[in-house]
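Peer 1: The structure is given below, and queries will be raised subsequently.
The values are calculated or read from the model by the stated rules, or taken from the named source; none is laboratory data. What you see is a predicted model; the values in this text were computed from it and never measured. A quick note on method: Cβ atoms are made from the backbone with ideal geometry, for glycine too, and the neighbour counts reach across all protein chains shown. All accessible areas refer to the heavy atoms of the entire protein, side chains included, with ligands and DNA or RNA removed. Shrake-Rupley method; radii C 1.70, N 1.55, O 1.52, S 1.80 Å.
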Amino acid sequence: MKKERLLELEKFIDQNGLVTIDELCDQFQVSLSTIRRDLDALAAEKSIQKVYGGARSIKNTEEGSFLLKSYEERHSAHALEKQIIAKQAASFIEENDIIFIDTGSSTVPIMDFLRPFHHITVITNSILVLLRGLEYPNLTVVGLPGLVKSKTASLVGASCLEAIEAYNSVLKSFMACSAIDLTHGASNSSLDEFEIKKKIIAYSRMKYLLVD
């Protein structure tokens, strides 16, 4: 029984890349102490790597970084928390603002809270933000040009970077990231998206980082 659980536990961690102990307790319906012992056993076999508060896969790596989950997977994880974060972010938006909404499962839900506004300009390279913009004829939604990056449902590339220069009066930017470290700050798994984020931040007067 324990051996089967360890195999399933390792498989689950490999599929998700990075998981918390609470998530594992919920998934396998076992106690905190049992999960801790199981993680110790897997770590001793070098099947997974223990981290503070959880564990991460040592298999699903790409050039030393963990593979980015699909947008659908990231969007469904911690969905309630992301709605709360997006609602709080939207409270900083005012009528007549020109805002940038970044790609990311924490930033896209901001669109759910823009219905009361009438004179907001939304600039984005997120395909999902553009699709949600169809629901809001009261808003001006501007899509940056570029190549489609299906993994992040975004538009990237040189044309996207060049187009940002035409919008040098972005008042507020709402940004996402792949990971955040208290010492080194925010990081992103995609170099293409990193260049866009960096340029938008440079052109924005106020910047907000949304992290779940």
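Peer 1: Tell me whether the stretch 137-159 contains one or more residues that are closer than 18 Å to D112 by Cβ, modelled with pLDDT under 90 and open to solvent by 40 Å² or more (accessible area, probe 1.4 Å).
Peer 2: Scanning the stretch 137-159, I find at least one residue that is closer than 18 Å to D112 by Cβ, modelled with pLDDT under 90 and open to solvent by 40 Å² or more (accessible area, probe 1.4 Å), so the answer is yes.
Peer 1: Out of all the residues in the stretch 118-176, which are among the β-branched types (V, I, T), farther than 12 Å from I196 by Cβ and part of a loop (DSSP other than H, G, I, E, B)?
Peer 2: If the condition is that a residue be among the β-branched types (V, I, T), farther than 12 Å from I196 by Cβ and part of a loop (DSSP other than H, G, I, E, B), then I120 is the only one that fits.
Peer 1: If you take the residues in the stretch 28-48 that are modelled with pLDDT of 85 or more and of a type in the set (S, T, N, Q), which one is least open to solvent (accessible area, probe 1.4 Å)?
Peer 2: T34
Peer 1: Now for a different question. Give the residue that is surrounded by the fewest Cβ atoms within 10 Å (Cβ to Cβ), with candidates limited to residues of the stretch 160-179 that are under 30 Å from N96 (Cβ atoms), in contact with a strand residue (DSSP E or B) (Cβ under 9 Å, 6 or more places away or on another chain) and not hydrophobic (A, V, I, L, M, F, W, C).
Peer 2: Only one residue fits best here, namely S169.
Peer 1: Being out of contact with any Lys or Arg (no Cβ under 8 Å at 6 or more places or on another chain), within 30 Å of R56 (Cα to Cα), touching a residue at least 40 places away in the same chain (Cβ under 8 Å) and open to solvent by 10 Å² or more (accessible area, probe 1.4 Å) narrows it down to one residue among L128, L191, L182; which is it?
Peer 2: L128
Peer 1: So which residues in the stretch 1-22 are in a helix (DSSP H, G or I) and either among the aliphatic types (A, V, I, L, M) or closer than 10 Å to A55 by Cβ (or both), if there are any at all? Working first, answer last.
Peer 2: From the stretch 1-22, those in a helix (DSSP H, G or I) are 2-16, 21-22; that's our starting set.
Within the stretch 1-22, L6, L7, L9, E10, F12, I13, N16, I21 meet the criteria.
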